[in-house]
Amino acid sequence: MTKKEAPIIHTDRLVLRPRAEKDIPNMLQMFNHNEVRKYLGINPPRDEHAMIEMIRNRTETKWTVALKETDEFIGDVMIPTIAEGYLGEIGYRFMREHWGCGVAYEAVSAVIEHCRSTLHLKRLSATIDHENV
């Protein structure tokens, strides 16, 4: 049986697509940036092997966020689990140089719409760190 992958979603500036090996250099840069790592919880991935595992474990609710013009990885959005078919928790990470320019809002808004219209989720939640402004 073929594993489902995240559908491609286009926004004004972004393409949300399945993770790919070409994303590894920017993934490594993002996960190894001290300011980004500060908010990633306990023991976030750090090396190429961990990035390859993330790519292999892609699902229909884990997207790379790439710039539309260049297809360059700038972050990711995911719903790691869906409970009882209607409740998901959304998370996202972005390379430090893309903080504060609205790409997280744009990407997450597109995923929320996908969750409502295609996955028919009734509720999404997110855990935030109040220090991560």
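For G75, the amide hydrogen comes within under 5 Å of the amide hydrogens of V65, M95, counting only partners 5 or more places away or on other chains and with H modelled in the peptide plane. Under the simplified labelling scheme, the R13-K122 pair shows an inter-label distance of 3.6 nm, with each label point 7 Å from Cα along Cα→Cβ. Take the Cα of E5, step 7 Å toward its Cβ, do the same at K38, and the gap between the two points is 3.5 nm. Using Cβ point charges alone (K and R +1, D and E -1), the dipole size of the chain about the Cα centre works out to roughly 320 debye. Screening the chain for whole DSSP H helices of 20 Å or more along their axis (Cα) with average Kyte-Doolittle hydropathy at least 1.0 returns none.
Looking only at D12, D23, D71, which one moves most when the chain is put into a Gaussian network model with springs between Cα atoms under 10 Å? Of D12, D23, D71, the Gaussian network model singles out D12 as fluctuating most. Each Cα pair of the chain feeds into the Kirkwood radius, which the Stokes-Einstein equation turns, at 4 °C and 1.567 mPa s, into a diffusion coefficient of 85 µm²/s.
All of the numbers you see were taken from the coordinates with simple rules; none came from a lab. All values derive from a computational prediction rather than experimental measurement. No Cβ is skipped: glycine too gets one built from the backbone with ideal geometry, and neighbour counts run over all protein chains shown.
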